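Asker: Below: one structure in structure tokens.
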């Protein structure tokens, strides 16, 4: 069954059928239901080229992939993309991915938009006062920000996790358990999420008149090795921390190894809370000492970003910027306990 | 500096400049060097739209991303893609990614090719007698296979790791160390690489008159959790293995935890060799007992696939299929030792 045959069967134009299937408001609900029913019964799947002609849309979402020789592949990026792909598949959307050196990202986005090959795009790996947001607002097609940019007014559409709140709550729990010496194994220093997690930690400590010394903060890409190195360094400090916040379960993997190697007991000598992006490759509940975490699914964020972007693409009128801030769950397991006496 | 200005500066047509930069044979070497020198000195970067007009190419590589609700994101896929992106960036290529349910991959490739949005594509996640290869050969644009398809004649261009040889050599080493009871923690059963690793293991055992019982083979997606579960089950068997081959360092992570939990010593009570794709998030040398591995970089494979694909795209005449089979390094560390007496 192709579009022409379905058109003849229903006595509707091909354009009407395409628009009905794509949820355009010009088609009334009764007609839309009739078309969807017939499409289902006859096994009709829209031909993408015809669909593109009928709607004037490319059926695609653009994104920039930061890359460079020696640039680490990012397991978090892959997990987010898998959620995006799950939702894109439902709407028959594809991706156009522009690899770009991190310093050339603006140029890469301009190209994506100018090429006409994408209907919308999202921005990720946001930094403080990120210039890409002003640029995106000046361009003609829908966009959404995954994360936010510290220091800018939030007059752009975004989806973010409340990173500040998550780490503030995690630090508060550790304070309630009597901990006073804190450390933070954080993500790359220039990224917005890492800045907010640091600010949340500092805010909780300030409530108790405590500070977080720069020597007790480590910034790195989030791999097992950097988790190990960072924790090993922290354990050498004269003011050895008893409470550690950690920006990823992947960092925590190395951090826990350093703790074990030093002969310390996790959850007794040292408490640790990691942020859990719900990566399928590594579950915090399966660690030998299950990890207490701040949990927010990256895959769910990918699904939601795709939903909102595709909705924005398919709408005729402009929508006001939508702000969505997800609260992370603080999930208590065995890696946290009372401060050692 | 734009193309028009560079054209005026050099007294050459815009088409000639584009073709020189893209390495087309119609432009002689002397002119090409002159153009490249001027481009470098003036900081000219080709405008992609102009480039596309001049060359008739989209400047893009297509790929299909298997996806479905609940489908695991694949850290190995991300690492391969990061290599591909590094090389694509050098040639100013981008990607068009089609998410697809695994059962609809052929349709997804047909769409990619028909859309005109890609100049070439690669096939991954190959299965036994994979129907995508015959289809790809029937389509008009260059493709390359990452992996191979068992049971088919290899008259298609591919890049693969010698998975059979790698696991045969790994099993032989363990046999030399006196091991007789083997097990295999393998990847998904329907994938070609997993089949070949199984065959390599079986071949080595057969040389010594030994067999690999189906009860001692586990197939799963390659996450920490499945590594743990698989190993925990193997350790319950009446004929408990003393030698385990493992298809990924991510599986090994869970497997090692199960070994520790059972109170067994890795490298003494039980020896383990894992395949190491050189994932930045997890290094085998950093395990508490460093892992013996069969090593082959997935990122390097991504770079090489992009090189070959872009070369095929930029050539005018057809090349014969190229076969490239990489040998994995067998790297000995502490997780292997003599069979317990």
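The values are calculated or read from the model by the stated rules, or taken from the named source; none is laboratory data. Worth saying up front: this structure is predicted, and the values here are computed from it rather than measured. Because the Cβ atoms are built from the backbone with ideal geometry, glycine has one as well, and the counts that use them run over all protein chains shown.
Asker: Of the residues that make up the stretch B:228-236, is at least one outside any helix (DSSP H, G or I) and touching a strand residue (DSSP E or B) at 6+ places or on another chain (Cβ under 6 Å)?
Answerer: The answer is no, given that none of the residues of the stretch B:228-236 is outside any helix (DSSP H, G or I) and touching a strand residue (DSSP E or B) at 6+ places or on another chain (Cβ under 6 Å).
Asker: Restricting the search to the stretch B:251-297, which residues are facing another protein chain (nearest Cβ under 10 Å), crowded, with 24+ Cβ neighbours inside 10 Å and part of a helix (DSSP H, G or I)?
Answerer: B:251, B:253, B:254
Asker: Right, residue B:231: away from every other protein chain (no Cβ under 11 Å), more than 15 Å from residue B:170 (Cα to Cα) and crowded, with 24+ Cβ neighbours inside 10 Å or not?
Answerer: yes
Asker: Related question: Restricting attention to helices (runs of 4 or more DSSP H) lying wholly within the stretch B:1-116, give those where 2 or more residues are modelled with pLDDT of 85 or more and surrounded by 21 or more Cβ atoms within 10 Å (Cβ to Cβ).
Answerer: Here the list reads B:75-90, B:105-115.
Asker: Does the stretch A:200-214 contain at least one residue that is outside any strand (DSSP E or B), under 20 Å from residue A:291 (Cα atoms) and within 12 Å of another protein chain (Cβ to nearest Cβ)?
Answerer: No, the stretch A:200-214 contains no residue that is outside any strand (DSSP E or B), under 20 Å from residue A:291 (Cα atoms) and within 12 Å of another protein chain (Cβ to nearest Cβ).
Asker: Another one. Residues that are touching a residue at least 60 places away in the same chain (Cβ under 8 Å), farther than 24 Å from residue B:188 by Cβ and out of contact with any strand residue (DSSP E or B) (no Cβ under 7 Å at 6 or more places or on another chain): does the stretch B:294-305 have at least one?
Answerer: Within the stretch B:294-305 (the criterion being touching a residue at least 60 places away in the same chain (Cβ under 8 Å), farther than 24 Å from residue B:188 by Cβ and out of contact with any strand residue (DSSP E or B) (no Cβ under 7 Å at 6 or more places or on another chain)), the answer is yes, since at least one residue qualifies.
Asker: Going by the structure shown, is residue A:308 in contact with a strand residue (DSSP E or B) (Cβ under 6 Å, 6 or more places away or on another chain) and modelled with pLDDT under 95?
Answerer: Considered against the rule, which asks whether it is in contact with a strand residue (DSSP E or B) (Cβ under 6 Å, 6 or more places away or on another chain) and modelled with pLDDT under 95, residue A:308 comes out as yes.
Asker: Still on this structure, I have one more. Among (1) more than 10 Å from every other protein chain (Cβ to nearest Cβ); (2) touching a strand residue (DSSP E or B) at 6+ places or on another chain (Cβ under 7 Å), which single condition is residue B:248 missing?
Answerer: With (1) more than 10 Å from every other protein chain (Cβ to nearest Cβ); (2) touching a strand residue (DSSP E or B) at 6+ places or on another chain (Cβ under 7 Å) applied to residue B:248, the lone miss is (1).
Asker: In this structure, does residue A:284 turn out to be over 14 Å from residue A:122 (Cα atoms), in contact with a helix residue (DSSP H, G or I) (Cβ under 8 Å, 6 or more places away or on another chain) and modelled with pLDDT of 95 or more?
Answerer: Answer is yes for this residue.
Asker: Considering only residues that are within 12 Å of another protein chain (Cβ to nearest Cβ), in contact (Cβ under 8 Å) with a residue 24 or more places away in the chain and at negative phi, look in the stretch B:114-129 and name the one that is farthest from the chain's Cα centre (by Cα).
Answerer: B:117
Asker: Further question on the same structure: Can you name the residue in the stretch B:117-139 that is in contact with a helix residue (DSSP H, G or I) (Cβ under 7 Å, 6 or more places away or on another chain) and in a loop (DSSP other than H, G, I, E, B) and is also surrounded by the most Cβ atoms within 10 Å (Cβ to Cβ) among such residues?
Answerer: Here the answer is B:118.
Asker: Moving to a separate point now. Which condition does residue B:167 not pass, out of (1) over 24 Å from residue B:56 (Cβ atoms); (2) in contact with a helix residue (DSSP H, G or I) (Cβ under 6 Å, 6 or more places away or on another chain); (3) surrounded by fewer than 24 Cβ atoms within 10 Å (Cβ to Cβ), if it passes all the others?
Answerer: Failed condition: (3).
Asker: Please count how many residues of the stretch A:144-159 are in contact (Cβ under 8 Å) with a residue 60 or more places away in the chain and within 16 Å of the chain's Cα centre (by Cα).
Answerer: Of the residues in that region, 5 qualify.
Asker: Something else now. Does residue A:110 meet the test of being within 14 Å of chain B (Cβ to nearest Cβ), under 26 Å from residue B:85 (Cα atoms) and without any contact (Cβ under 8 Å) to a residue 12 or more places away in the chain?
Answerer: No; evaluated as a whole, the condition is false for this residue.
Asker: Still on this model: I'm trying to understand the selection: among the residues of the stretch A:75-92, which are over 12 Å from the mean Cα position of the chain (by Cα) and at the interface with chain B (Cβ under 8 Å from one of its Cβ atoms)?
Answerer: Within the stretch A:75-92, A:85, A:86, A:88, A:89 qualify.
Asker: Right, another one. For residue B:172, are the conditions met, namely being closer than 26 Å to residue B:290 by Cα and part of a helix (DSSP H, G or I)?
Answerer: Against the criterion (closer than 26 Å to residue B:290 by Cα and part of a helix (DSSP H, G or I)), residue B:172 qualifies.
Asker: Scan (1) touching a helix residue (DSSP H, G or I) at 6+ places or on another chain (Cβ under 7 Å); (2) closer than 30 Å to residue A:135 by Cβ for the single condition residue A:194 breaks and write down its number.
Answerer: (1)
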